[in-house]
Amino acid sequence: MAKKKKIGFDILIYDSSKALKESDRTLLEKSMEARGNAYAPYSNFQVGAALELENGEIVIGNNQENASYPSGLCAERVAVFYAGAKFPNVAIKTLAISVQSKNSEVLEPAAPCGNCRQSLFEYEHRQKSPIRILMMGAQGKVVECPSIAAILPLGFDNSYL
Ligand code: THU
């Protein structure tokens, strides 16, 4: 007889970034600034990420594409690797992500891709505290998730190694 167990989490949905507390609004604005500088000539899909660290620093990233497509990197990994390189022992509190496309109006917030979730999970697991995620489309509603682990259920970490 198998035991059934539900895994899931609650998200918060804000009508607009105006409903956020000031530090979150600032972080989201930094991600919007970063997405404008994304190098995305192939997809025309620009992603900005901004991390708020425990020491008050904000680290940004944006997607960097390449003529050899798989050689490019997503905004979230550019940001988290930059944070790991510059502030190796400082915990990450919040990740803000915003997206826009030059081809169409994206109003639905975009969650990090699977590869980014795994990369981000490494840092969350290492620091032993959750990284909150704020996501927004080109404008409009904002979705908040409580942690990386929540969006990567049954995630793989170094406890298996
Ligand atoms: N992209 C990101 O930067 N983050 C994601 O989580 C999803 C996708 C980028 C990769 C590529 O440059 C473009 O968006 C289209 O996939």
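The values are calculated or read from the model by the stated rules, or taken from the named source; none is laboratory data. As the structure is a prediction and not an experimental result, all values here were calculated from the model. Here the Cβ positions follow ideal geometry from the backbone for every residue, glycine too, while neighbour counts run over all protein chains shown. Heavy atoms of the whole protein, side chains included, go into the accessibility calculation; ligands, DNA and RNA do not. Shrake-Rupley method; radii C 1.70, N 1.55, O 1.52, S 1.80 Å.
Starting from residues that are over 19 Å from E52 (Cα atoms) and not β-branched (V, I, T), keep the ones in segment 91-108 and report whichever is least open to solvent (accessible area, probe 1.4 Å). So the residue we want is S101.
Checking each residue in segment 110-137 for being open to solvent by 20 Å² or more (accessible area, probe 1.4 Å) and part of a loop (DSSP other than H, G, I, E, B) picks out A110, A111, C113, K128, S129, P130. A34 meets each of the listed conditions (1) within 14 Å of the chain's Cα centre (by Cα); (2) within 18 Å of Q118 (Cα to Cα) apart from (2). Among the residues of segment 72-90, just one is within 11 Å of the ligand (Cβ to nearest atom) and open to solvent by 50 Å² or more (accessible area, probe 1.4 Å), namely L73. V47 meets all of the listed conditions (1) within 11 Å of the ligand (Cβ to nearest atom); (2) touching a Phe, Trp or Tyr at 6+ places or on another chain (Cβ under 6 Å) but one, namely (2). Residues being open to solvent by 70 Å² or more (accessible area, probe 1.4 Å), within 10 Å of the ligand (Cβ to nearest atom) and either basic (K, R) or part of a strand (DSSP E or B) (or both) are represented in segment 25-44 by at least one member.
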